[in-house]
Amino acid sequence: MQNSADQDRITEKIAKLLALAQSSNPNEAAIALARAQKLMAEHQVTQKDVSFSSMGEKTEAVPTILRDRQLYSRLGSMIARAFGITEIYNLKNNRVISITFLGDLTRVESATYAFTVLARQAAIAKKEFLAQLKEKILESVYQDFPSLCEAKASLKDIWEYVPTLKSIHQRFIRQQVKSYLHGWLIAVDEKVMDFAMSDEEYELLVDFKFTRYPDLTHMRARPLRYTAAQMANFQQGMRDGKDKVNLFHGVNTDYERRALGHKG
């Protein structure tokens, strides 16, 4: 029995022979095709096996800041479209913990890297927005309780003395951060140029996905309803995503830059 590495080498050899079978030289094409067919018969390699030989998958953890369906699905689908691949989401205890990109192995590698780069930029954007938001909350507390302003009490100090206020503020902060990041991701998404796939490439990708994962289920998207404050933060996120995000930071190859919509 052959091990996986041997089988992969044989499949790769068959793929190369089939490519040579497209040669404009009739003799070369005929010899290559005959050899490919012989190897396929000897090793029980199917045409699907050959088609899948250039395909692969890679899994990346979903950052804590994106552990919300509207956020991780927006980023995941954006990256998948940009690189002409597809994605699935992996759950543990009914929570999505990672994303798996599937497709052409070279593009999968690039997509995983791009996902990491954009997730880091999202983390930076969140940190900056969070600092501004907490400052605004503190200013509003000072207005209601001038004595706290005179005492130069920090938001952390206030939370220690008024635990109920902490829970209220934290719930409010989570809501505002989510709306901000959603706007930020939409703005980034608008900068991305979709990868143009042929019908054959798309069909192969879908076949590969459901061959690997035949029991996939679909996630249902919930409609978003924003308060006035959340909508203001959503719009701020869109502005920041449009004006401040550099999609190409750390993306080195020309291929990766083109895949993310770079025109320079």
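The values are calculated or read from the model by the stated rules, or taken from the named source; none is laboratory data. Being a predicted model, the structure only gives us computed values, none of them experimental. Note: ideal-geometry Cβ built from the backbone for every residue, glycine included; neighbour counts use all protein chains shown.
Looking across region 56-89, the residues that are in a helix (DSSP H, G or I) and either among the aromatic types (Phe, Trp, Tyr) or over 18 Å from the mean Cα position of the chain (by Cα) (or both) come down to 72, 83. Considering every residue within region 243-250, establish whether at least one is assigned by TED's automatic domain parsing to the domain that holds residue 88 and more than 18 Å from the chain's Cα centre (by Cα). Yes; the residues of region 243-250 include at least one that is assigned by TED's automatic domain parsing to the domain that holds residue 88 and more than 18 Å from the chain's Cα centre (by Cα). Of the residues making up region 213-231, those that are touching a helix residue (DSSP H, G or I) at 6+ places or on another chain (Cβ under 9 Å), part of a helix (DSSP H, G or I) and exposed (fewer than 15 other Cβ atoms within 10 Å of the Cβ) are 229, 231. For the residues 161, 213, the requirement of being in contact (Cβ under 8 Å) with a residue 60 or more places away in the chain, out of contact with any Ser or Thr (no Cβ under 7 Å at 6 or more places or on another chain) and either outside the structural domain of residue 58 (by TED's automatic domain parsing) or over 30 Å from residue 238 (Cβ atoms) (or both) singles out 213. Of the residues making up region 181-190, at least one is among the β-branched types (Val, Ile, Thr), in the same structural domain as residue 111 (by TED's automatic domain parsing), farther than 15 Å from residue 86 by Cβ and surrounded by 11 or more Cβ atoms within 10 Å (Cβ to Cβ). Taken over region 174-228, the residue count meeting the criterion of being under 30 Å from residue 47 (Cα atoms) and of a type in the set (A, V, I, L, M, F, W, C) is 9. Please indicate, with yes or no, whether at least one residue in region 183-196 is hydrophobic (A, V, I, L, M, F, W, C), free of Cβ contacts under 8 Å to residues at least 60 places away in the same chain and part of a helix (DSSP H, G or I). The answer is yes, given that some residue of region 183-196 is hydrophobic (A, V, I, L, M, F, W, C), free of Cβ contacts under 8 Å to residues at least 60 places away in the same chain and part of a helix (DSSP H, G or I).
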